[in-house]
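A.B. asks: First, the structure itself, so that you have it in front of you.
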Amino acid sequence: MSRLVVVSNRLADPRKPAAGGLAVALGETLKRTGGVWFGWSGKVVEDGTPGEGALHVSQAGSVTLAELDLCAEDHDAYYRGYANGVLWPVFHYRLDLAHFESGHLGGYRRVNQLFARKLMALLKPDDLIWIHDYHLIPLAAELRAMGCGNRIGFFLHIPLPPQQILAAIPSHEWLMRALFAYDLVGFQTEADLLHFSHYVKAEATAETVGVSQFRAFNSTVQAKAFPIGIDVEDFQRLGCAREARETFETTRKEYSRRRLLIGVDRLDYSKGLPHRIRAFRELLQQYPENRHSATLLQVASPSREDVDAYADIQRELESLCGSINGDYGDFEWMPIRYMHRTVARKRLPGLYRACAVALVTPLRDGMNLVAKEFVAAQDEEDPGVLVLSRFAGAAEQMKEALLVNPYDTHGTAQAIQHALQMPLEERKERHAALLARIREFDVHWWCRSFLQTLEQSRSEA
Ligand code: ADQ
């Protein structure tokens, strides 16, 4: 089998236990095959030269970690400006939050060229290259321009919006054309794949040639949906360990007379946090029996705080939580416990298990792994209920959750009430179906099926 080279904006050190599901899965695959993990080191060099950066190579067992520094100007344009100021909002259907500046596009191209140049020096002819996410869409095209003939796959972790939204990006043709430099492009859902198919047929007069193969620009790319999963067994093992059990016990004890609802997210406008809080207020208004009995624990980890839209969402959320607690709370009960922080990963399963309902209600999400983690962490004999946005990629697979439209405050409040009232038998049935599905399509399935498809694909460029 070929050596695997994984490329992502940030890399997670496979030696560190705090790594999430994705890092574990890729780390394990890399350990098995031996391989390279290439990405930005996280270091920003204040007075560095644009398009240049030092590469630090170290060894973690059989895995080579290759970490590239970026200068401040490149980092600002590539990461904050283009990736998170254009691609992230537009791909999450938020044209209103996108800032198009040609300088940022230049930085994005420059960093992708820098990645390509540094990566080329490490490659062997038979390496299988797997590039991740929106930061690095043009990387294969840059590698090809430098003569790279390896098989290269790309996985988009975030949604791909419909053609009419994509077309609002001034450089959309260039961006989408870059996908044809890959042998395989993976999306989270069938809906994303359909958007890709519509786009390339309408804008690039691509033809379908065989199953899930698209031909345009003298090149053929295979495109398929590979919904990402979690490592269910590992997460359940974590749930049996001391820290998770302690978290479960203390949470249950502290809220012994309450029904708990949980939200765990990065603080990001795509996650629909204000909409969720408003739906919870509607629940308290419409179904007063929940006053004094239901408490929402909302944990939102700090994220991209140097991007304006993120500071705005933080202020909005704080003010909403404050006003609901002010209107409804009293000495014995506060409706919302809002925490602006990251929960230690080993505590998460205990927290999920202590809660009767999870609110996973993004306005748009590539997949959403919290939905899967919540299901994996439940007690099968007395499971909690998942309230899931129909706009999360996870909704394609998790039909037994209570699917909601997060823009519909009243409908979401009704679904939360339904979740809180659901009889044990129905909870068990829904949970068993969801658990079976996330077990079948776990993160190892995702990794294996993507890499097998990539191994078999050959570019006909
Ligand atoms: P994210 O947008 O980061 O990922 P998500 O899928 O929810 O979103 O994964 C987040 C991970 O971080 C989960 O493992 C979760 O437990 C953890 N996490 C989030 N908030 C936390 C907090 N406050 N404390 C502790 N842990 C927290 C992107 C896409 C998703 C896609 C993933 C994987 O946006 O749609 O599912 O990649 O492809």
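A.B. asks: Which number in (1) touching a residue at least 24 places away in the same chain (Cβ under 8 Å); (2) within 25 Å of Phe187 (Cβ to Cβ) marks the one condition that Asp76 misses?
C.D. replies: Here Asp76 meets the rest and fails (2).
A.B. asks: Same structure, new question: Can you tell me which residues in segment 295-328 are out of contact with any helix residue (DSSP H, G or I) (no Cβ under 7 Å at 6 or more places or on another chain) and among the aliphatic types (A, V, I, L, M)?
C.D. replies: Leu297, Val299, Ala311
A.B. asks: Only one of Ser301, Ser389, Ser319 is over 20 Å from Arg427 (Cβ atoms), within 13 Å of the ligand (Cβ to nearest atom) and assigned by TED's automatic domain parsing to the domain that holds Pro423. Can you tell me which?
C.D. replies: Ser301
A.B. asks: For segment 353-367, what are the residues that are out of contact with any Ser or Thr (no Cβ under 7 Å at 6 or more places or on another chain), within 12 Å of the ligand (Cβ to nearest atom) and either over 19 Å from Leu261 (Cβ atoms) or part of a loop (DSSP other than H, G, I, E, B) (or both)?
C.D. replies: Within segment 353-367, the subset out of contact with any Ser or Thr (no Cβ under 7 Å at 6 or more places or on another chain) is 353, 355-359, 366-367.
With the extra rule that they be within 12 Å of the ligand (Cβ to nearest atom), the set shrinks to 358, 366-367.
Across segment 353-367, the qualifying residues are Gly366, Met367.
A.B. asks: Would you pick out the residues in segment 408-461 that are of a type in the set (Gly, Ala, Ser), surrounded by fewer than 17 Cβ atoms within 10 Å (Cβ to Cβ) and at pLDDT 95 or above? Full working, then the answer.
C.D. replies: First, pick out the residues of segment 408-461 that are of a type in the set (Gly, Ala, Ser): 411, 413, 415, 419, 432-433, 436, 449, 457, 459, 461.
Those left that are additionally surrounded by fewer than 17 Cβ atoms within 10 Å (Cβ to Cβ): 411, 432-433, 436, 449, 461.
Hits for segment 408-461 are Gly411, Ala432, Ala433, Ala436, Ser449.
A.B. asks: Same structure again: Determine which member of the set Asn150, Asn112 is within 25 Å of the chain's Cα centre (by Cα), more than 16 Å from the ligand (Cβ to nearest atom) and of a type in the set (S, T, N, Q). Break it down stepwise before answering.
C.D. replies: Values: Asn150 fails: within 25 Å of the chain's Cα centre (by Cα).
Of the residues listed, the single one that is within 25 Å of the chain's Cα centre (by Cα), more than 16 Å from the ligand (Cβ to nearest atom) and of a type in the set (S, T, N, Q) is Asn112.
A.B. asks: Can you find a residue in segment 264-285 that is crowded, with 22+ Cβ neighbours inside 10 Å, among the small types (Gly, Ala, Ser) and within 16 Å of the ligand (Cβ to nearest atom)?
C.D. replies: Scanning segment 264-285, I find at least one residue that is crowded, with 22+ Cβ neighbours inside 10 Å, among the small types (Gly, Ala, Ser) and within 16 Å of the ligand (Cβ to nearest atom), so the answer is yes.
A.B. asks: Return the pair list, or none, for Cβ contacts closer than 6 Å from residues in segment 325-354 that are farther than 25 Å from Asp379 by Cα and touching a residue at least 60 places away in the same chain (Cβ under 8 Å) to residues that are within 9 Å of the ligand (Cβ to nearest atom) and of a type in the set (A, V, I, L, M), at least 6 apart or on different chains.
C.D. replies: His340/Ala300
A.B. asks: Looking at (1) crowded, with 20+ Cβ neighbours inside 10 Å; (2) at pLDDT below 95, which one does Asp183 not meet, given that it meets all the others?
C.D. replies: Looking at each condition in turn, Asp183 falls short on (2).
A.B. asks: Let me ask something else. Does Thr189 count as modelled with pLDDT of 95 or more, over 24 Å from Tyr78 (Cβ atoms) and among the β-branched types (Val, Ile, Thr)?
C.D. replies: yes
A.B. asks: Please pick out the residue among Val375, Val370 that is buried (at least 20 other Cβ atoms within 10 Å of the Cβ), assigned to a helix (DSSP H, G or I) and under 15 Å from the mean Cα position of the chain (by Cα).
C.D. replies: So the residue among Val375, Val370 that is buried (at least 20 other Cβ atoms within 10 Å of the Cβ), assigned to a helix (DSSP H, G or I) and under 15 Å from the mean Cα position of the chain (by Cα) is Val370.
A.B. asks: In segment 297-308, is there at least one residue being within 24 Å of Pro159 (Cα to Cα) and in a helix (DSSP H, G or I)?
C.D. replies: For segment 297-308, residues within 24 Å of Pro159 (Cα to Cα) and in a helix (DSSP H, G or I): present.
A.B. asks: In segment 324-338, how many are surrounded by 13 or more Cβ atoms within 10 Å (Cβ to Cβ) and either assigned to a helix (DSSP H, G or I) or among the aliphatic types (A, V, I, L, M) (or both)?
C.D. replies: Taking segment 324-338 as the starting set, the residues that turn out to be surrounded by 13 or more Cβ atoms within 10 Å (Cβ to Cβ) are 324-325, 328-329, 333-338.
Filter again for either assigned to a helix (DSSP H, G or I) or among the aliphatic types (A, V, I, L, M) (or both), leaving 324-325, 328, 334, 336.
The number of residues fulfilling the criteria is 5.
A.B. asks: Moving on. Could you please let me know if Leu403 is without any contact (Cβ under 8 Å) to a residue 40 or more places away in the chain and either surrounded by fewer than 24 Cβ atoms within 10 Å (Cβ to Cβ) or farther than 19 Å from Arg258 by Cβ (or both)?
C.D. replies: Criteria met by Leu403.
A.B. asks: In segment 173-189, is there at least one residue being touching a Leu at 6+ places or on another chain (Cβ under 8 Å) and farther than 25 Å from Val5 by Cβ?
C.D. replies: No, there is no match, as no residue in segment 173-189 is touching a Leu at 6+ places or on another chain (Cβ under 8 Å) and farther than 25 Å from Val5 by Cβ.
A.B. asks: Are any residues in segment 345-383 out of contact with any Gly (no Cβ under 8 Å at 6 or more places or on another chain) and small (Gly, Ala, Ser), and if so, which ones?
C.D. replies: Selection gives Ala354, Ala371.
A.B. asks: Just give me the residues in segment 144-160 being surrounded by 22 or more Cβ atoms within 10 Å (Cβ to Cβ) and over 21 Å from Thr29 (Cβ atoms), in sequence order.
C.D. replies: Pro159, Leu160
A.B. asks: Somewhere in segment 286-296, is a residue crowded, with 17+ Cβ neighbours inside 10 Å and hydroxyl-bearing (Ser, Thr, Tyr)? Write out each step before concluding.
C.D. replies: Here is the first cut: in segment 286-296, the ones crowded, with 17+ Cβ neighbours inside 10 Å are 290, 294-296.
Retained after the next criterion (residues that are hydroxyl-bearing (Ser, Thr, Tyr)): 295.
Checked segment 286-296: at least one residue is crowded, with 17+ Cβ neighbours inside 10 Å and hydroxyl-bearing (Ser, Thr, Tyr).
A.B. asks: Which one of Asp69, Asp126, Asp47 is in contact (Cβ under 8 Å) with a residue 24 or more places away in the chain and under 30 Å from Gln456 (Cα atoms)?
C.D. replies: Every option except Asp126 fails the conditions.
A.B. asks: Could you pull out the residue among Pro170, Pro161 that is over 18 Å from Ile228 (Cβ atoms), within 16 Å of the ligand (Cβ to nearest atom) and not in a helix (DSSP H, G or I)?
C.D. replies: Working: Pro170 fails: within 16 Å of the ligand (Cβ to nearest atom).
Within the list Pro170, Pro161, the selection yields Pro161.
The values are calculated or read from the model by the stated rules, or taken from the named source; none is laboratory data. These numbers were taken from a predicted model, which means no experiment stands behind them. Counting neighbours? That spans all protein chains shown, and the Cβs are built from the backbone with ideal geometry, glycine included.
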